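Visitor: Following this message is one structure expressed as structure tokens.
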Amino acid sequence: MQRQGLGWFEERLGWSGFREKFLDKAFPMHPSFFLGEIALFSFVILVITGIYLLFSYEPSAQIITVGGRSFPAAYHSVTQIDKQPFGLIVRQVHHWAAHLMIAVVILHLLRVFFTGAFKKPREINWVIGILLLLITVMAGFTGYLLPYDAFSVTASGIGYQIAASIPWIGVALAKFVFAGQFPAIGTIPRFFGYHVVIIPLLLIGLIGLHLLVMIKQKHTEPSSSRGRVAPGRLLGIPLWPQQTSLMVMLFLLMTGGLLLIASIFPVHPIELYGPPGPQTPTVKPDWYFLWVFGLLKLIPGWLEIHLGGTVLDPEVIGGILLPSLLILLIFLVPFLNRTRERQNYLEPVTKHPLRTSIGTGVLMLLLTLSAAAYQEVLDISLAIFRLAAVLLPLLVGIATYLAIRLFRGWRSKTIKRAREPLSSDR
Ligand code: HEM
């Protein structure tokens, strides 16, 4: 009966070709390969919980009066979502899934970087990946404003100021992106459009392309697979049914984990901040923007760059110029590290000491800058932080390099000794 059913599909759709092409695709087994999948499933959870929130959220900053008190409609609708039977938990899952997605995309990038999986032929997927990371961060930034409480309006205002400080085009660009001088009445509908239409469509399109390129080029493999299958073939488990069962388990585990976290740890308490008013609360951006915030603090107030008749002030240098340079460098990684041969296997981090130490140095720089965002709380002077931002990354980079060299020396000696014939053999 089942055979007949499949035969019916086979006759009409050429099912066996599809099966061979996609369902039998081998997935190499390595725990770090789940990072990409966790990023993908976080996005799926964000879309599902986002659709739920969409039914009750009001994308408007118009002031409405409820029970004698006035609120922006968006703010009031979020307080109402929190009172619905499943409203608060869905909102909290949405929030935690957003943090998870950004964190996992960064870890996935680090996995690709430290194992050399960005090398030929995967340069295109590296570039698509960086675009995905930037758009995912933008999803976080645009979502931040939507509750329209005092905190989110102040935080987005900082984003507006930074964008407006770009020479020549800054004010026009910021007004276009924020639909007027922030906070404008059109800002919420425009951010809502970015957050629920433009950004998700871009993510769906780019994730689809990312996965298609990955399927076409085949996955890199753990080096333990070397020589165990014919050239051009992959050692792994098929997509259907083994890998699919693992994916379903991972998705269920993630949903359960996020529900648990969301029921224990509350998110952004909007009623505590209240609707936007004349008093602005002290704000810190989310963790993934802290490094830019720290950088802005560390750039001395007197620093200016004169360029083509205009002056780049510390806000543009710290908020736009230096972060853009770092992002550009990250984009260029596969082109700076050119290889003639196709990279088919994961490289151990010890294979390229320079690459690994640049990676750890940059991570240390980002950590130091993020800590600088809390400079007043930590009670450490800006001068010390400036020194630390130069010295710590250098020290960590050099220490990584030396540690790898030492390890490689020790390993080659051990291997040599193990290969030496025993004295009784002589
Ligand atoms: C929304 C964000 C992203 C999603 C959903 C995603 C998804 C995936 C998935 C499911 C895989 C296959 C499994 C794995 O290797 O982990 C993969 C592979 C890959 N991703 Fe991503 N990714 C994202 C962002 C990025 C970023 C930021 C980069 C790097 C800049 C990147 C670069 C790559 C590369 C080069 C591969 C092939 C790796 C290999 O063959 O070993 N991806 N991605």
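The values are calculated or read from the model by the stated rules, or taken from the named source; none is laboratory data. The model shown is predicted, which means the values in this text are computed figures rather than measured ones. All Cβ positions, glycine included, derive from the backbone under ideal geometry; neighbour counts span all protein chains shown.
Yes/no per residue for (1) at pLDDT 95 or above; (2) within 30 Å of L406 (Cα to Cα):
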{"site": "E304", "(1), (2)": "no, no"}
{"site": "G309", "(1), (2)": "no, no"}
{"site": "F331", "(1), (2)": "yes, no"}
{"site": "N344", "(1), (2)": "no, yes"}
{"site": "L365", "(1), (2)": "yes, yes"}
{"site": "L378", "(1), (2)": "yes, no"}
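Visitor: Right, something else. Within region 262-270, can one find any residue that is within 16 Å of the ligand (Cβ to nearest atom) and either of a type in the set (A, V, I, L, M, F, W, C) or touching a residue at least 40 places away in the same chain (Cβ under 8 Å) (or both)?
Guide: no
Visitor: Just give me the residues in region 14-67 being of a type in the set (A, V, I, L, M, F, W, C), away from the ligand (no atom under 16 Å from the Cβ) and crowded, with 16+ Cβ neighbours inside 10 Å, in sequence order.
Guide: L53, A61
Visitor: List, please: which pairs have Cβ atoms under 8 Å, are six or more places apart or on different chains, and start with a residue in region 377-394 that is within 17 Å of V292 (Cα to Cα) and end with one that is in a helix (DSSP H, G or I) and among the β-branched types (V, I, T)?
Guide: From residues that are within 17 Å of V292 (Cα to Cα), the pairs are F385/T368; A388/T368; A389/T368; P393/V362; P393/T368.
Visitor: Scan (1) in a helix (DSSP H, G or I); (2) under 29 Å from V105 (Cα atoms) for the single condition P59 breaks and write down its number.
Guide: (1)
Visitor: Of the residues that sit in region 183-239 and are farther than 23 Å from T115 by Cα and among the hydroxyl-bearing types (S, T, Y), which one is farthest from the ligand (Cβ to nearest atom)?
Guide: Here the answer is T187.
Visitor: Next question. Filter region 216-234 for residues that are touching a residue at least 40 places away in the same chain (Cβ under 8 Å), out of contact with any Phe, Trp or Tyr (no Cβ under 8 Å at 6 or more places or on another chain) and assigned to a helix (DSSP H, G or I) and give the result.
Guide: Q217
Visitor: Scanning for something touching a strand residue (DSSP E or B) at 6+ places or on another chain (Cβ under 6 Å) and modelled with pLDDT under 95, does region 27-35 turn up at least one residue?
Guide: Within region 27-35, one or more residues are touching a strand residue (DSSP E or B) at 6+ places or on another chain (Cβ under 6 Å) and modelled with pLDDT under 95.
Visitor: Also, I was wondering about something else. Answer with yes or no whether A155 is more than 16 Å from the ligand (Cβ to nearest atom), more than 30 Å from I48 (Cβ to Cβ) and outside any loop (DSSP other than H, G, I, E, B). Give the derivation first.
Guide: Values: more than 16 Å from the ligand (Cβ to nearest atom): yes; more than 30 Å from I48 (Cβ to Cβ): no; outside any loop (DSSP other than H, G, I, E, B): yes.
Considered against the rule, which asks whether it is more than 16 Å from the ligand (Cβ to nearest atom), more than 30 Å from I48 (Cβ to Cβ) and outside any loop (DSSP other than H, G, I, E, B), A155 comes out as no.
Visitor: In addition: Could you tell me whether I124 is more than 17 Å from the chain's Cα centre (by Cα), within 16 Å of the ligand (Cβ to nearest atom), farther than 27 Å from P278 by Cα and of a type in the set (A, V, I, L, M)?
Guide: Numbers: more than 17 Å from the chain's Cα centre (by Cα): yes; within 16 Å of the ligand (Cβ to nearest atom): yes; farther than 27 Å from P278 by Cα: yes; of a type in the set (A, V, I, L, M): yes.
Answer is yes for this residue.
Visitor: Restricting to region 224-236, what's the tally of residues that are loosely packed, with under 15 Cβ neighbours inside 10 Å and under 28 Å from the mean Cα position of the chain (by Cα)?
Guide: 0
Visitor: Would region 92-102 turn up any residue that is surrounded by fewer than 14 Cβ atoms within 10 Å (Cβ to Cβ), in a helix (DSSP H, G or I) and within 16 Å of the ligand (Cβ to nearest atom)?
Guide: No, because not a single residue in region 92-102 is surrounded by fewer than 14 Cβ atoms within 10 Å (Cβ to Cβ), in a helix (DSSP H, G or I) and within 16 Å of the ligand (Cβ to nearest atom).
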